[in-house]
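Just below is one structure, and these are the notes that go with it.
Derivation of every value follows stated rules applied to the coordinates shown; laboratory data play no part. Everything numeric here is computed off the predicted structure, so don't read it as measured data. For neighbour counting, all protein chains shown are included, and Cβ atoms are generated from backbone atoms with ideal geometry for every residue, glycine included.
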């Protein structure tokens, strides 16, 4: 368990670092585009096209770290209605569901990435970027989510089992 926690800590730091770098690149690209258009009257289309290309690499690798920190969109009305020991089992079920869903989306993302890799298609932009490069963010992000879901499932299961030990 400690190996998985350590790996997820490293992946979390890498995901946040990548996100910060991408946001900085996006801001600089759009600012540079505005400056060049203001000064010269014309700009470079690739500066405007770059941020949407990077969005998938901003979003998908952050799925796992955001889930672990509880920063995903969530509805919290069940916790006020259900006893706390039942909530622990609901957490186990939710984390297992996130794990299974991440595997399904990983497979779909992998299949899409491999399809576009084999086709060899390029984006129709000023930048020559292969389409598969964008699709690669799906399996990368969902494998990270799977690792975080496994850790959270184990932690939730251990928390749910903990009160049983106190009773005996």
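Of 66, 158, 145, the residue with the greatest mean-square motion in the GNM of the chain, using alpha carbon springs below 10 Å, is 158.
Seen against the Cα atoms of the chain and their longest principal axis, helix 2-40 is set at about 30 degrees. Subtracting the Cα-Cα distance of residue 76 and residue 34 from 0.36 nm times their residue separation leaves 10.9 nm of extension gain.
Which of the three applies to segment 81-168, rounded, prolate or oblate, going by the alpha-carbon gyration tensor with a ≥ b ≥ c and a/c under 1.5 meaning rounded? Prolate. Find the centroid of the Cα atoms in segment 14-28 and in segment 100-148, then give the distance between the two in whole Å. What the calculation gives is 19 Å, centre to centre. Sequence-distant contacts, meaning Cα pairs under 8 Å at least 6 residues apart, place the relative contact order of segment 17-66 at 45 percent.
Among 79, 40, 149, sorting on how many other beta-carbon atoms sit within 10 Å of each Cβ, with the fewest leading, yields 40, 79, 149.
Express the relative contact order of segment 2-163 as a whole percentage, based on alpha carbon pairs under 8 Å and six or more residues apart in sequence.
Details: 173 pairs, mean separation 49.5, N = 162.
RCO, segment 2-163: 31 percent.
What is the extension gain from residue 119 to residue 23, computed as 0.36 nm multiplied by their sequence separation minus the C-alpha to C-alpha distance, in nm to one decimal? Length gained, residue 119 through residue 23: 31.6 nm. Between the Cα long axis of helix 45-59 and the first principal axis of the chain there is an angle of about 10°, rounded to the nearest 10. Taking the chain as a Gaussian network, where each spring joins two C-alpha atoms under 10 Å apart, which residue of 157, 60, 142 fluctuates the most? Its mean-square fluctuation being the largest, the pick is 157. Read through the labelled values (1) -0.64, -0.85, -1.10, -1.48; (2) -0.77, -0.93, -1.07, -1.26; (3) -0.69, -0.86, -1.03, -1.25 and report the label of the one computed as log10 I(q)/I(0) by the Debye sum over Cα atoms at q = 0.13, 0.15, 0.17, 0.20 Å⁻¹ from the structure. Matching the structure shown: (2). The angle between the Cα long axis of helix 137-167 and the main principal axis of the chain comes to about 20°, on a 0 to 90 degree scale.
Placing a pseudo-label 7 Å from each Cα along the Cα-to-Cβ vector at residue 6 and residue 157 gives an inter-label distance of 2.2 nm.
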